[in-house]
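Colleague: The structure is given below, and queries will be raised subsequently.
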Amino acid sequence: MRHGTDAWIWSLKWVDTTDGFDYGEAAKKVHLPPALYMAAIDDPCLGHHKDVWNFMMESGDHVKDFMVLSKKNGNLNDYNHVSMMTHRDAPIDHFPKVLEWLRRY
C-alpha cells in the first residue's frame, strides 16, 4: 500500500489514506469562489501542470482560470515550483497578471 504523497500521486481518486475522506466527492457538493490555478512548466512533481489542470477540472463548477508559467506562454522564464514565487523577474512578469485577476474577481 502506498502512503503519503506517493499514494496521492498514483491514486485515481482523491481519497485521504488516513481517514478515508473523499475530497473528490466533497468538491462536487460545494461551490468554490473564483480561483486562479497556476503551474510552473518546470515542476515535474509537486505541481505538474497536468495535475493542476486535472485538479481544476475536478473542483466543480466555479469561475476558474489556468496559467502555465513558461517562455512558450509569454513569460520571461521557464519557472519551477519555487522560482514561480521567488524569481527576481516574478514581480514584473506574472505577479501583475495575478493582481489583475484578483481585481477582476
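Colleague: Would you mind computing, in nm to one decimal, how far apart the modelled labels at Val15 and Trp101 are, each placed 7 Å from Cα along Cα→Cβ?
Modeller: My value for the distance between the label points is 3.2 nm.
Colleague: In addition: Which trypsin sites (Lys or Arg not before Pro) in the range 17-105 sit in a loop by DSSP (not H, G, I, E or B) and have at most 15 other Cβ atoms within 10 Å of their own Cβ?
Modeller: Lys29, Lys71, Lys72, Arg88
Colleague: Report the Stokes-Einstein translational diffusion coefficient (µm² s⁻¹, integer) for the chain, Rh taken as the Kirkwood radius over Cα pairs, at 10 °C with viscosity 1.306 mPa s.
Modeller: My calculation gives 104 µm²/s for D.
Colleague: Here is a follow-up. Ordered by residue, what ³J(HN,Hα) values in Hz, to whole numbers, does the range 66-73 give under the Karplus form 6.51 cos²θ - 1.76 cosθ + 1.60, where θ = phi - 60° and Gly and Pro are x?
Modeller: My calculation for the range 66-73 gives 10, 9, 9, 7, 7, 4, 4, 8 Hz in order.
Colleague: Ok, one more. Karplus couplings for the range 11-25 from phi (6.51 cos²θ - 1.76 cosθ + 1.60, θ = phi - 60°), rounded to Hz, Gly and Pro as x?
Modeller: Karplus-based 3J(HN,Hα) across the range 11-25 equals 7, 7, 10, 9, 10, 5, 6, 8, 10, x, 5, 9, 5, x, 5 Hz.
Colleague: The range 17-89: which chymotrypsin sites (Phe, Trp or Tyr not before Pro) are DSSP loop and have at most 15 other beta-carbon atoms within 10 angstrom?
Modeller: Phe21
Colleague: Show the residues, 5+ positions off or on another chain, whose built amide H is closer than 5 Å to the amide H of Asp78.
Modeller: Lys71
Colleague: I would also like to ask the following. Could you give the angle, 0 to 90 degrees to the nearest 10, between helix 95-104's Cα long axis and the longest principal axis of the Cα atoms of the chain?
Modeller: Helix 95-104 sits roughly 70 degrees off the main axis of the chain.
Colleague: Distance check, please: which entries in Lys29/Lys64; Lys28/Lys50; Lys28/Lys72; Lys50/Lys97; Lys71/Lys97 exceed 24 angstrom between their Cα atoms?
Modeller: Beyond 24 Å: Lys28/Lys72.
Each reported figure results from applying straightforward, stated rules to the coordinates on display, with no laboratory input. What you see is a predicted model, and the numbers here were worked out from it, not measured in a lab. All Cβ positions, even for glycine, are placed from backbone atoms using ideal geometry, and neighbour counts span all protein chains on display.
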